[in-house]
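The values are calculated or read from the model by the stated rules, or taken from the named source; none is laboratory data. What you see is a predicted model; the values in this text were computed from it and never measured. Methodologically, a virtual Cβ is constructed for each residue, glycine included, from the backbone with ideal geometry; neighbour enumeration extends over all protein chains shown. Remember, those area values only see protein heavy atoms, side chains included, never the ligands or the DNA or RNA. Shrake-Rupley method; radii C 1.70, N 1.55, O 1.52, S 1.80 Å.
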Amino acid sequence: MKHMLQSLNPTTKLDRRSILAGLGASLIAPRVASAQPTAEEIARRLTQAESAGRISGLHALLVSRGGRLVFEHYGRGDDEAEGRGPLANVVFGPDVPHDLRSVSKSVIGLAYGIALAAGKVPPPEAKLYDQFPQYADLAREAGRDRIAIHHVLSMTLGLEWDELTVPYGDDLRNSEIAMEAAPDRFRFILERPIVAESGTKWTYCGGATAILGRLISNGTGEDLLAYCRRVLFDPLGFGPVDWAKGVGDGQYRAASGLRLLPRDLLKIGELVRAGGAWGGRQIVPRDWLTRVLAPAVVMENGGRYGYQWYLGASFAAVLPHPERWAAGIGWGGQRLYVFPALDLVVAQYCGNYDKPAAEQRRINDAIIDEVVLPGI
């Protein structure tokens, strides 16, 4: 199923300067090929890759170039909904919502900047524990006074956290699972032992995003979904939106619970591609987007991380040189890629929740490097 040349963002003028600055403008020349992606070529390559077993579990793949939807594909298969269990034999399409899983973190990163511009949340330089006076006992512990909001945004808090080596499920050794089971998730996060100097090491931490969601709610006086709908989702013309809550405490699962229609996920990427502007309005402040997409830390695998967004490059053989991207990445194969120098946005949904992380990455690389990029 394909849909071509549908305009996504009514903003006609593109200003890539702030994005290029965040991703390293010296390494990305603002050159955009004149030819549009060939939907037929992308479809042909996708069919070949699926037939060869290179790609599996793909629920939706959408590609936009220069603000226009140029390719749209939907599959069929089993799915999951965060906090609600399995969904059998789903026929996916434009009107079928899908979990974002940890791509939700990247949406929170944008929403935080909107709230910051309105003076509703503390700036990155503010001390973390000053924002939670109810946990004064924790704030008095040595070393915690050095942790700032910047470290929350960049996942460099230096607190003990592990949700990568223990599978998701019901094992409380997984820090996110333990957080969801805790009677007070925020105390659980903030009382984690200090294991490194803040700012020195990236540790994947859904608890960091939970803290950001709490700060947004506290500062704006609105629940997380209502606020994001008012300042971000509604201005972009989103359809139905859902955000899962924790079973124990009823708090929104800021790190993983967002559920969107596929074209609405693509709009988030288009918003970033267009420097935070949509329909002639500046939705996300340009200076915040620059900071979001600026490398804050180098991860152990050599990749870079900004404020709730991954920063990397594609080394596809078809490319004359590596192409920089910014991305939201979620478990099971949920992906949102923005290639600023190519004016390209790619959104995908998958159902590969039970596959190992390495296999999920392999499938994702095949989608981007063997299907999408050769098509442009």
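Set side by side, the residues GLY269, GLY275 differ, and just one is buried (at least 17 other Cβ atoms within 10 Å of the Cβ), part of a helix (DSSP H, G or I) and not polar (S, T, N, Q), which is GLY269. Filtering the range 62-74 to residues that are surrounded by fewer than 21 Cβ atoms within 10 Å (Cβ to Cβ) and closer than 14 Å to ALA43 by Cα leaves only TYR74. Scoring ALA88 on the criteria (1) out of contact with any strand residue (DSSP E or B) (no Cβ under 8 Å at 6 or more places or on another chain); (2) open to solvent by 40 Å² or more (accessible area, probe 1.4 Å); (3) without any contact (Cβ under 8 Å) to a residue 12 or more places away in the chain leaves a single failure, condition (1). Number of residues in the range 68-113 that are outside any strand (DSSP E or B) and modelled with pLDDT under 95 equals 3. Of the residues making up the range 150-161, at least one is closer than 15 Å to THR209 by Cα and of a type in the set (Phe, Trp, Tyr).
Scan the range 183-191 and tell me whether some residue there is over 27 Å from VAL298 (Cα atoms) and part of a helix (DSSP H, G or I).
Let us first name the residues in the range 183-191 that are over 27 Å from VAL298 (Cα atoms), namely 183-185, 187.
Narrowing the set further to residues that are part of a helix (DSSP H, G or I) leaves 185, 187.
Checking the range 183-191: at least one residue is over 27 Å from VAL298 (Cα atoms) and part of a helix (DSSP H, G or I).
Kindly indicate whether LEU311 is in contact (Cβ under 8 Å) with a residue 60 or more places away in the chain, assigned to a strand (DSSP E or B) and either buried (at least 21 other Cβ atoms within 10 Å of the Cβ) or acidic (Asp, Glu) (or both). In short, yes.
Of the numbered criteria (1) in contact with a Phe, Trp or Tyr (Cβ under 9 Å, 6 or more places away or on another chain); (2) without any contact (Cβ under 8 Å) to a residue 12 or more places away in the chain, the one TRP288 fails is (2).
The set of residues in the range 172-201 being among the charged types (D, E, K, R), open to solvent by 60 Å² or more (accessible area, probe 1.4 Å) and closer than 17 Å to ILE147 by Cβ consists of ARG187, GLU191, GLU197, LYS201.
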